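The values are calculated or read from the model by the stated rules, or taken from the named source; none is laboratory data. For clarity, every value in this text was computed on a predicted model and none was experimentally measured. Neighbour counts are summed over all protein chains in view; Cβ atoms, including those assigned to glycine, are modelled from backbone coordinates with ideal geometry.
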């Protein structure tokens, strides 16, 4: 209907009956199509979306296993074609940035999580060195600094390994799909679920490591025999929580922004989408609102923490506090921009998976 011609050129197929043992007309047609006889996609209109081209080619596959498994699955893919925003996510234009970024999942994930955590570690180290470690006896100073470095290094390594384990399955499935491998509906559903939960899991991992570090360092000092005042322990733990907030909020937006725009749409092209996808997308939208509020609270936490610093110590950390507050405000602007973009993407994907009315 789009080209005014049949998708395959079967004009020279023998339409007459054959003696027993010869192949039938249908066999001849199928044999030609299995022989990589390309359908007439070149005749499609120039403005035909890439998503519709993909759906048409998959529907014309000669082998039943290579076509859509049900009418419902085909209908969902046609819904993608009818929603301009969704089809741009699922089938990005050739050479687009999103298409290239799909192959760089591990480096992008590492930077999205490592950079905010490294900045939080630097602030925490400067803060603790200036206000806590410098006031301890010489022996306790050495122990505190050495143990803190060891714990930070171990926590960073655990976070790296934990993050890689979270993306291992979904990146393996995405790579297999690019190579033409076929996965079951359950395997694809798991990959989609892991993708939508990726930001939350990474945020919880970062928060857990910062909280555990804030508890283990004082305990280790106590066990090692170093005498550390209780108010120093409280101050250190509080600074860990502030840095933990920095290390949790921003990776959540970075990771989800990448996951929803570049990873999750890969799996929507394969396998029938279940009703649970719509629920997960909706829950992710609610979580994003919560984390946006947390991002707005980070500079306030920095100001609130400054009120507990003795007046004589303020000049020593005033520059770090200004960097924290100004940097947090700038980071919040970036987080808000990602939140808006993420919300639009989630709404488009929800329309597709739930069958809601479409908007061009």
Selection from region 111-120 of residues surrounded by fewer than 21 Cβ atoms within 10 Å (Cβ to Cβ) and either touching a helix residue (DSSP H, G or I) at 6+ places or on another chain (Cβ under 7 Å) or within 20 Å of residue 301 (Cβ to Cβ) (or both) yields 115, 118, 119
Selection from region 53-75 of residues farther than 25 Å from residue 43 by Cα, touching a residue at least 24 places away in the same chain (Cβ under 8 Å) and assigned to a helix (DSSP H, G or I) yields 65, 72, 73
Taking region 290-300 and keeping residues under 28 Å from residue 352 (Cα atoms) and in contact (Cβ under 8 Å) with a residue 40 or more places away in the chain leaves 291, 292
Of (1) part of a helix (DSSP H, G or I); (2) within 28 Å of residue 170 (Cα to Cα), residue 134 satisfies every one except (2)
Across region 80-100, the tally of residues that are modelled with pLDDT under 80 and in a loop (DSSP other than H, G, I, E, B) stands at 4
Selection over region 247-274 where residues are more than 18 Å from the chain's Cα centre (by Cα) and either free of Cβ contacts under 8 Å to residues at least 12 places away in the same chain or over 19 Å from residue 72 (Cα atoms) (or both) yields a count of 0
Looking across region 346-358 at residues that are assigned to a helix (DSSP H, G or I) and at pLDDT below 90, the single one that is nearest to residue 293 (Cα to Cα) is 347
Selection from region 68-77 of residues loosely packed, with under 15 Cβ neighbours inside 10 Å and touching a helix residue (DSSP H, G or I) at 6+ places or on another chain (Cβ under 9 Å) yields 69
Subset of region 309-331, residues in contact with a helix residue (DSSP H, G or I) (Cβ under 7 Å, 6 or more places away or on another chain), under 22 Å from residue 296 (Cβ atoms) and surrounded by fewer than 20 Cβ atoms within 10 Å (Cβ to Cβ), comes to 320, 321, 325, 329, 331
For this session: Tell me, please, whether a residue that is farther than 28 Å from residue 100 by Cα and either outside any loop (DSSP other than H, G, I, E, B) or modelled with pLDDT under 80 (or both) can be found in region 113-120.
Result: yes
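Residues are listed down the side, and each one gets a yes or a no for (1) closer than 22 Å to residue 242 by Cα; (2) assigned to a helix (DSSP H, G or I):
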{"site": "129", "(1), (2)": "yes, yes"}
{"site": "140", "(1), (2)": "no, yes"}
{"site": "146", "(1), (2)": "yes, yes"}
{"site": "158", "(1), (2)": "yes, yes"}
{"site": "161", "(1), (2)": "no, yes"}
{"site": "167", "(1), (2)": "no, yes"}
{"site": "182", "(1), (2)": "no, no"}
(1) surrounded by 14 or more Cβ atoms within 10 Å (Cβ to Cβ); (2) within 22 Å of residue 317 (Cα to Cα); (3) touching a residue at least 60 places away in the same chain (Cβ under 8 Å) all hold for residue 145 apart from (3)
inquiry  = Looking at the structure I just gave you, is residue 204 closer than 24 Å to residue 292 by Cβ and either crowded, with 19+ Cβ neighbours inside 10 Å or modelled with pLDDT under 70 (or both)?
reply    = no
